[in-house]
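Scroll down for the structure; my scribbles are underneath it.
The values are calculated or read from the model by the stated rules, or taken from the named source; none is laboratory data. Just so it is clear, the structure is predicted and the values come from calculations on it, not from any experiment. All Cβ positions, even for glycine, are placed from backbone atoms using ideal geometry, and neighbour counts span all protein chains on display. Surface accessibility is based on the protein's heavy atoms, side chains included, excluding ligands, DNA and RNA. Shrake-Rupley method; radii C 1.70, N 1.55, O 1.52, S 1.80 Å.
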Amino acid sequence: MGLPLYNYKDISVIIPCYNSAQTIGRTLESILSQTLKPKEIIVVDDASLDNIKATLIPYKKDITLVEHKKNMGAAAARNTGIKQSKGNFLAFLDADDTWRPNKLEYHLNFIKRTNADISCSSFMLHRNGISTTHILNKKNTSLLSMLDGCRVSPGSTLIAKRKTFTACGLFPTQLSRLEDWAWLITILYKKEKFSVCPEILSDIYTISFPAFENISLSLTNLKIYLKNNQILLGINEKRHFSAALSFELAAAYKRSRKVKWMIYYLIKSFFLNPKLFLRTPADIKRIFLSALIKKKKHIS
């Protein structure tokens, strides 16, 4: 890769954590083994109930630990880290995920080449023993693409210039989930330059999905957030966004095993934006197509 294009003093790593004693050691080791060392690693403990303080003792010389007195959510924890940090570049990593050894060096060089204000990288998703590759491409960088859904996993792939948060604000704390999607829509609406790196630089680990009620409420709050922040979308943009919201609801209903509602919102998303159908799993496509055929026959 050659010599780094950025001085190590430019980079602050921010890790929000909550009850992550079992995984944060692996996360920190992936940072400490980077080919380009950051200036600081800020761990924000969001009032964990486990023994995470004991887990962090071996790393006390390598990290700055900031503690919330009460649980405030991932967005608030990231915002605390941003306020505490000193670097001109802020890199985010969740406490159950890891980086590949060349993450910071490769990604910062990529940001330099693309002259970006913020950037996400491709990643490997690990869920219940199954690993899937998520390669990002340039089509993921437009506002319209982001309105179709957040598929860049910014919690552990995002690097942003500090000035971006000054221009666009911090992560919205009124959303218990999807706060990163809301923020990315905002920065693209405000014309900050966003690039996506095709190299796989992060490993994302997850074992479960959020509860239906959590997703449903967050989708409602997301719409309120955009309205309150005067994110004024055009007709085509509104159509794409409405399709994405319906698609997310369909996925949540599918996980709740409410098939009829899943089909309803899939059909709604399909008519608003047929391209979202490509993201539907094969087994759900068969159910959806069968329901769509029945609907057309009923209309006829």
| request: For segment 213-256, name all the residues that are free of Cβ contacts under 8 Å to residues at least 40 places away in the same chain and acidic (Asp, Glu). | output: 213
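Quick check on residue 132: is it among the β-branched types (Val, Ile, Thr) and not in a helix (DSSP H, G or I)? First the steps, then the outcome.
Details: among the β-branched types (Val, Ile, Thr): yes; not in a helix (DSSP H, G or I): yes.
Yes.
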| query | For residue 55, are the conditions met, namely being within 24 Å of the chain's Cα centre (by Cα) and at pLDDT 95 or above? | reply | no
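From 215, 204, which residue is touching a Leu at 6+ places or on another chain (Cβ under 7 Å), within 29 Å of residue 96 (Cα to Cα), open to solvent by less than 40 Å² (accessible area, probe 1.4 Å) and among the β-branched types (Val, Ile, Thr)? Lay out the reasoning, then the answer.
Working: 215 fails: touching a Leu at 6+ places or on another chain (Cβ under 7 Å).
The unique qualifying residue is 204.
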| said: Within segment 159-166, does at least one residue satisfy the condition of being open to solvent by less than 10 Å² (accessible area, probe 1.4 Å) and in contact with a Phe, Trp or Tyr (Cβ under 8 Å, 6 or more places away or on another chain)? | reply: yes
